[in-house]
C-alpha cells in the first residue's frame, strides 16, 4: 500500500480540491470513509492512515433526527476532519426524515431497524465511492460497540464481490477507550443516543417509566377544587 496522502480542507493542491468537490484524490490508496459522527471517526481515520490509505470522510446519515441533532453531529464531523487534517464531504441532500421513516416501516424495531440503518448507509457509501472514483470504502460504524458489527462486515464483503471499490474491514472497537479520550480532548460533541427518533425514545424511556411509577406526572387539583388544566 502506498504511503497515505492526506490534505487539509484548506489545501489548494489538485488532489485536495478534487476531494472537497467529492471526487477521489488521484491516488490508488484513496478510501471513502463513511462517518456517523465526529467521535466515532477519530480512530478509524487514524488507523486507516497508518495502514496507508488516503482517507476522505463522507458524512451521510439520513437516520439522525431531529434536524437540529443532525446539524450538531455534522458540525462535530467537520471539526474532526479539520483537527485530523483530512477532507470531508457532507451529503446533506440525502437527509429526508419522511423518506427514512417510510423505509423502516414494518421493521422499526431492533434488530431489523438497526440492521437496515447500517447496511443501507454502507450500500450508499459503496455507490458513492464507485461514482467518485475511490478504490476503497469503509465506515466508522465499525468502531462502535453498539452497532451490528457482523451485519456491517457481511454487507461490506458482499458489496466488494460485485466489483470495485474494495471494502476495507477492520475491527476498530479495540480502540474504543482511546477514541473516547481523543474525542474529549478534541472537545467534539458526544451525542446521548444513536441517531433516529426511535433510538432517542428508547434512550429516555426509563426516565418516563420512572415518572409513571412514582406518579409525579399526575395532574393535581387546583386550589378551587377543580382539575388543573
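Observations on the model:
- Some residue of the stretch 187-208 being out of contact with any helix residue (DSSP H, G or I) (no Cβ under 7 Å at 6 or more places or on another chain) and modelled with pLDDT of 95 or more: yes
- Positions within the stretch 83-98 being in contact (Cβ under 8 Å) with a residue 24 or more places away in the chain and either in a helix (DSSP H, G or I) or within 19 Å of residue 183 (Cβ to Cβ) (or both), in sequence order: 83, 84, 85, 86, 88, 90, 94, 97
- Among the residues making up the stretch 135-147, those that are outside any helix (DSSP H, G or I), under 18 Å from residue 88 (Cα atoms) and under 19 Å from the mean Cα position of the chain (by Cα) are 136, 137, 138, 139.
- Scope the stretch 161-186; condition in contact (Cβ under 8 Å) with a residue 24 or more places away in the chain and in a helix (DSSP H, G or I); matching residues: 172, 173, 175, 176, 178, 179, 180, 182, 183
- Criterion (surrounded by 14 or more Cβ atoms within 10 Å (Cβ to Cβ), at pLDDT below 95 and in contact with a helix residue (DSSP H, G or I) (Cβ under 9 Å, 6 or more places away or on another chain)) met by exactly one of 107, 153, 121: 107
- Unique match (being farther than 21 Å from residue 74 by Cα and either modelled with pLDDT of 95 or more or surrounded by fewer than 16 Cβ atoms within 10 Å (Cβ to Cβ) (or both)) among 139, 183, 219, 144: 219
- Residue within the stretch 188-200 that is surrounded by 14 or more Cβ atoms within 10 Å (Cβ to Cβ), free of Cβ contacts under 8 Å to residues at least 24 places away in the same chain and in a helix (DSSP H, G or I) present: yes
- Those residues of the stretch 156-180 which are at pLDDT below 95 and under 17 Å from residue 34 (Cβ atoms), in sequence order: 160, 164
- Just one of the listed residues (117, 80) is over 20 Å from residue 200 (Cβ atoms), in a helix (DSSP H, G or I) and within 15 Å of the chain's Cα centre (by Cα), and it is 80.
- Checking the stated criteria, residue 62 turns out not to satisfy the condition of being at pLDDT below 95, in contact with a helix residue (DSSP H, G or I) (Cβ under 8 Å, 6 or more places away or on another chain), farther than 18 Å from residue 183 by Cα and not in a helix (DSSP H, G or I).
- Evaluated against (1) part of a strand (DSSP E or B); (2) over 19 Å from residue 59 (Cβ atoms), residue 153 falls short on exactly one condition, (1).
- Unmet requirement for residue 45, which otherwise passes all of (1) farther than 15 Å from residue 132 by Cβ; (2) modelled with pLDDT of 70 or more; (3) surrounded by fewer than 20 Cβ atoms within 10 Å (Cβ to Cβ): (3)
The values are calculated or read from the model by the stated rules, or taken from the named source; none is laboratory data. Treat the numbers as computed from the prediction; the structure is a model and nothing was measured. Positions of Cβ are generated from backbone atoms using ideal geometry, with glycine treated the same way; all protein chains shown enter the neighbour counts.
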